1. State the three equivalent ellipsoid semi-axes of segment 296-380, derived from the C-alpha gyration tensor as the square roots of 5 times its eigenvalues, in descending order and whole Å.
2. Using alpha carbon centroids, what distance separates segment 379-421 and segment 6-62, in Å?
3. Give me the dipole magnitude in Debye, nearest 20, for segment 373-499 about the Cα centre, with unit charges on the beta carbon: positive for Lys and Arg, negative for Asp and Glu.
4. Considering all alpha-carbon pairs of segment 351-450, what whole percent are spaced by more than 17 angstrom?
5. Taking the C-alpha atoms of segment 260-335, how large are the radius of gyration and the largest Cα-Cα span, Dmax, in Å?
6. Looking at segment 190-325 from every direction and averaging, what is the projected area of its Cα convex hull in nm²?
7. For V106 and T446 in the same chain, what is the full-extension length gain: residue separation times 0.36 nm, less their Cα-Cα distance, in nm?
8. Farthest toward the dipole's positive end in segment 342-410, which of P377, S397, A354, given Cβ charges of +1 (Lys, Arg) and -1 (Asp, Glu) about the Cα centre?
Amino acid sequence: MTNPDIVIIGSGIGGATIASGLAGSGASILMLERGELLPATPHTRDTRAIFVDGHYRPKEMWREAGGAAFNPGNYYYVGGNSKFYGAVLIRYRREDFSVMEHYGGVSPAWPFSYEEFEPWYSRAEQLFRVRGALAEDPTEPFHSIPYPFGPVPDEPTIARARAELKRLGLHPASLPLGVDIDAWLKDGKTGWDAFPNTGTGKVDAQSGPLTAALADRNIRLETGAHVEYLEASSDATIATVHYRQNGILKKVTPKLVVLSAGAVNSAAILLRSPSPNGNGLANRSDQVGRNFMNHNSSAMLAIDPRRRNTSVYQKTLMLNDYYLSDGKGGKPLGNVQLLGKIDGHILRANVKLAPKFALDFMAGHAVDWYLMCEDLPDPESRIMVDGKDIVMQWRRSNMQSLDGLTKVMRENFRACGYPIVLSRPFDKRTPSHQCGTVKMGDDPATSPLDPFCRSFDHRNLFVVDAGFLPNSAAVNPALSIAAQALRVADHIRKTELVA
């Protein structure tokens, strides 16, 4: 495969899913992944190794605009960040595809409707073997096909929390999850949220679509292949992909390039690539790297010192009563869902001075929640490059929504019988669904990509990862990325691979 028909850069949700959508097309496809296979070692279920020692965190550093360096929470393995994700595969709500007003500003519309996109959501749910339940959540949009499996069961403490929330008149609902809980627990009695997946219990980009794609002999994966830049020809097509492998600079010249390195790294690759104006590739609009979004989110612990939480995995419940309004006729707040069950080591990663016995007691009596609110696109919230360095200028927005959601959920949990409710926001070290740096739209003057994620500037370049998202909504983006990847794969088959 010296000169493949297609090169896919990255094997995360976007890259792996588009590869699966192109399988069987007859096209020769080379996938370039900078990471390696994630090995099965005792660290994979060791909370101290993962959360305190940072065993899996990357060795690289990024910089804030202004110079301060930080270690990002991105992961470089086959399967990308999905190897560690919470396996929440939830649809954007129908309203997220239209303009929506928030306390912090306006969330823009997608360039097409939910109804046009819905069949691809259904296909993605089948591909990722999603477990869920309909008719529990009043914000749930129309599904043309039911979930392929019923929901992951609540553990006793969570079943009690569901009943308590219902008594308040709220509508707790089962999280849609890509988890075979029996298979997961065979490898260790832990949760899966933020734990690396080395088996078959969690359906991530590798264990799901990539495995399906690599069954096609025309699709090949190279690991340790770090793409440094793309080179455009005089006719504005992408001619060459330059990558480094085992210290050696290599290149490949495909007919089509699919960039799926993740919202931050895809933008960085385009910005580093040589161009006549020095502004990077696919950037006539000057929007590459801009409109960076990263959900505004907090962890919230609802603690009752009288009742132990005996849950092992916990993460089976969500609440969207405040998703479309604040519950009092005001503007949207966001989504509430359970975290994976924390322990004293996980708390230690964020609370350095408390004694271990106190952290263990707190964790053992807490139900652990994740509050998520929309971060709105802003051209000045952006990813930049300085040589090989990635520079992040994150302009957080819509924090009033997170404040409002924190306040109302503290009141709700106290009404449910949890006298102690603690919360702490996540910072830039946690990749809370980074998105929006290479957005799609209808107008090449304002968007780098068209509605099929094709570059307006380079007809043989597609960007298919969280970067294409025009808004962040207030739900996990994995299913939306997968659905668009299947849609784009279908478009490529019809427009680029026809005989």
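The values are calculated or read from the model by the stated rules, or taken from the named source; none is laboratory data. Here the structure is a predicted model, which is why all the values come from computation and not from measurement. For neighbour counting, all protein chains shown are included, and Cβ atoms are generated from backbone atoms with ideal geometry for every residue, glycine included. Heavy atoms of the whole protein, side chains included, go into the accessibility calculation; ligands, DNA and RNA do not. Shrake-Rupley method; radii C 1.70, N 1.55, O 1.52, S 1.80 Å.
1. Numbers: eigenvalues 166, 55, 22 Å².
Calculated on Cα positions only, the semi-axes equal 29, 17, 11 Å.
2. So the two Cα centres are separated by 27 Å.
3. Details: 16 positive and 16 negative charges, 87 e Å.
Using Cβ point charges on Lys, Arg, Asp and Glu, segment 373-499 gives about 420 debye.
4. Details: 3376 of 4950 pairs.
Above the 17 Å cut-off, segment 351-450 has 68 percent of its Cα pairs.
5. Both quantities, over Cα of segment 260-335: 21.3, 67 Å.
6. Working: hull surface 57.0 nm².
So the Cα hull casts an average projection of 14.3 nm².
7. On the way: separation 340, 0.36 × 340 = 122.40 nm, distance 1.65 nm.
Taking V106 through T446 to full extension adds about 120.8 nm, to one decimal.
8. A354
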